[in-house]
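Worksheet: one structure, shown below.
The values are calculated or read from the model by the stated rules, or taken from the named source; none is laboratory data. Every value quoted in this text rests on a predicted model; they were computed, and no experiment measured them. Here Cβ is always computed from backbone atoms with ideal geometry, including for glycine, and neighbour counts include all displayed protein chains.
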Amino acid sequence: METPLGSWQQEQNFLDRLYFGVKEQQVAPKKLTLILNAADNIKIIVIPESIGGDCVIKRQMSSDKGIMEIGSIEIVLNNRFGIPILDEIRIENQDNIQFEKSKLRPWDLSGYFPIYEAHLGVGFNLHSNIYKKNDKRFWRNDPAFEPVPMILVRVGPFFINRDGAGVLLLPFPKATLISTFLFEGEPFRLDGFRERKRSAFSGFIFKSGDFYVQYFKDIGKVSRGWVANFAWNPEYNITNRYQISPRILAQYWDGDYTNYYFGVQGFEPQHLGSTFKAKETWNGMFTLSQSYRWGRIKGVLVTELKVYGSQVELSPLTKQRSEFRLISGFLYNLF
């Protein structure tokens with residue numbers, strides 16, 4: 001095993017997981033198959049054969065690119081920002097005296113997480129508007145159409161995306177705990193009404209298997225409320241390029257959060273009716289996320305249906321109880 005940098009010990013964790021960390025093994029007559037930890041779409045196949053009375057070990061690797069004979073494997077690391085990170089894996093095989101080379105890039109490995117990564121892109125968000133009127137930018141029409149900057153930057157356990165930032169506290173396979181900081185809210189602005197603004201929230205996400213619990217509280221002193229999400233969110237790798245992920249979510253808003261965004265105070269226009277103090281409520285949501293990769297480019301398509309609770313439906317500010325959302329865009333893998 002060769003590495004051009006010569007100091008692959010700094011990336012030892014990756015090599016250990018990929019080449020020595022066996023997630024699953026399948027033993028069959030005259031064949032041993034190893035499924036690896038950090039690249040679960042790759043299988044190493046070892047086949048003993050008798051040739052001329054000698055035992056010859058036939059080595060193969062199966063990936064989304066097919067099955068190939070393994071002659072040698074070279075790990076190429078790129079020393080960006082003083083930290084070596086996987087650039088590509090070069091596999092050389094021999095077939096009838098002819099040597100052929102094949103490459104695997106980081107985006108070809110399902111389950112591999114680099115030390116750092118950066119993705120930038122742009123998309124759009126098309127969604128219905130539950131408010132009767134809303135002069136908030138991009139929310140004046142129904143359906144509303146707004147551009148969405150798409151970003152994901154991660155350095156070790158720290159990450160930043162379009163919703164906020166966070167840090168991975170517990171990285172165990174069956175139990176993950178993430179501390180999060182995000183901007184959240186149901187923005188609203190109209191003459192004669194107090195403006196409902198998004199606020200800064202802080203909280204955590206605890207995930208076990210396909211289920212997760214999320215809690216976050218307003219630390220920006222806007223609504224002073226808190227939100228809890230309970231979700232089932234599996235991920236299915238249909239191919240190494242195409243991934244689909246459904247999500248069924250139950251969402252709880254406490255009274256402060258609900259009343260800030262959907263309550264009506266006495267000084268606001270009375271043609272809406274009497275004042276309205278919104279209480280805590282439950283919302284339901286179904287989301288289907290799809291992504292497809294073309295090398296460094298990833299296309300994303302998210303469809304979502306959200307059904308708000310009775311307190312939102314009773315609010316004089318709203319005209320409907322459900323909201324449909326379509327988010328689409330592209331991300332480019334910088335490194």
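Between Lys101, Lys23, Lys31, Lys58, the distinction of being under 30 Å from Phe172 (Cα atoms), at pLDDT 70 or above, among the basic types (Lys, Arg) and in contact with a strand residue (DSSP E or B) (Cβ under 6 Å, 6 or more places away or on another chain) belongs to Lys23 only.
Please tell me if Val155 is in contact with a strand residue (DSSP E or B) (Cβ under 7 Å, 6 or more places away or on another chain), exposed (fewer than 15 other Cβ atoms within 10 Å of the Cβ) and either over 24 Å from Ser328 (Cα atoms) or not assigned by TED's automatic domain parsing to the domain that holds Leu314 (or both). Steps first, please.
Values: in contact with a strand residue (DSSP E or B) (Cβ under 7 Å, 6 or more places away or on another chain): yes; exposed (fewer than 15 other Cβ atoms within 10 Å of the Cβ): yes; either over 24 Å from Ser328 (Cα atoms) or not assigned by TED's automatic domain parsing to the domain that holds Leu314 (or both): yes.
The answer is yes for Val155.
Of the listed requirements (1) within 23 Å of Pro149 (Cβ to Cβ); (2) at pLDDT 95 or above; (3) surrounded by 14 or more Cβ atoms within 10 Å (Cβ to Cβ), Ile297 misses just one: (2).
Does Lys136 meet the test of being surrounded by 14 or more Cβ atoms within 10 Å (Cβ to Cβ), free of Cβ contacts under 8 Å to residues at least 60 places away in the same chain and part of a loop (DSSP other than H, G, I, E, B)?
Here the answer is yes, as Lys136 does meet what is asked.
Tallying residues that are in a loop (DSSP other than H, G, I, E, B), free of Cβ contacts under 8 Å to residues at least 40 places away in the same chain and polar (S, T, N, Q) within segment 256-309 yields 2.
In segment 234-245, which residue that is within 12 Å of the chain's Cα centre (by Cα) and touching a residue at least 40 places away in the same chain (Cβ under 8 Å) is surrounded by the most Cβ atoms within 10 Å (Cβ to Cβ)? Before the answer, list the steps.
Residues of segment 234-245 that are within 12 Å of the chain's Cα centre (by Cα), as a first pass: 234-235, 243-245.
So of that shortlist, the ones also touching a residue at least 40 places away in the same chain (Cβ under 8 Å) come out as 243-245.
On the way: Gln243: 18, Ile244: 15, Ser245: 16.
Within segment 234-245, the match that is surrounded by the most Cβ atoms within 10 Å (Cβ to Cβ) is Gln243.
Mind checking whether some residue in segment 301-317 is at positive phi, surrounded by fewer than 18 Cβ atoms within 10 Å (Cβ to Cβ) and not polar (S, T, N, Q)? Quick ask: steps written out before the conclusion?
Taking segment 301-317 as the starting set, the residues that turn out to be at positive phi are none.
The answer is no, given that none of the residues of segment 301-317 is at positive phi, surrounded by fewer than 18 Cβ atoms within 10 Å (Cβ to Cβ) and not polar (S, T, N, Q).
If the condition is being touching a Lys or Arg at 6+ places or on another chain (Cβ under 6 Å), surrounded by fewer than 17 Cβ atoms within 10 Å (Cβ to Cβ) and either within 23 Å of Lys221 (Cα to Cα) or not assigned by TED's automatic domain parsing to the domain that holds Leu317 (or both), then segment 162-197 contributes Phe183, Pro187, Glu195.
There is no residue in segment 255-277 that is in contact with a Phe, Trp or Tyr (Cβ under 9 Å, 6 or more places away or on another chain), among the small types (Gly, Ala, Ser) and under 30 Å from Tyr116 (Cα atoms).
Answer with yes or no whether Ile178 is more than 21 Å from Asn333 (Cβ to Cβ), touching a Gly at 6+ places or on another chain (Cβ under 7 Å) and assigned to a strand (DSSP E or B). Please lay out each step first, then the result.
Numbers: more than 21 Å from Asn333 (Cβ to Cβ): yes; touching a Gly at 6+ places or on another chain (Cβ under 7 Å): yes; assigned to a strand (DSSP E or B): yes.
Considered against the rule, which asks whether it is more than 21 Å from Asn333 (Cβ to Cβ), touching a Gly at 6+ places or on another chain (Cβ under 7 Å) and assigned to a strand (DSSP E or B), Ile178 comes out as yes.
Picking from residues in segment 52-87 that are out of contact with any Ser or Thr (no Cβ under 9 Å at 6 or more places or on another chain) and part of a loop (DSSP other than H, G, I, E, B), the one that is surrounded by the most Cβ atoms within 10 Å (Cβ to Cβ) is Ile70.
For segment 197-249, give me each residue that is among the hydroxyl-bearing types (Ser, Thr, Tyr) and in a strand (DSSP E or B).
The initial filter retains those residues of segment 197-249 that are among the hydroxyl-bearing types (Ser, Thr, Tyr), namely 199, 202, 208, 212, 215, 223, 236, 239, 242, 245.
Of everything in segment 197-249, those that are among the hydroxyl-bearing types (Ser, Thr, Tyr) and in a strand (DSSP E or B) turn out to be Ser199, Ser202, Ser208, Tyr212, Tyr215, Tyr236, Tyr242, Ser245.
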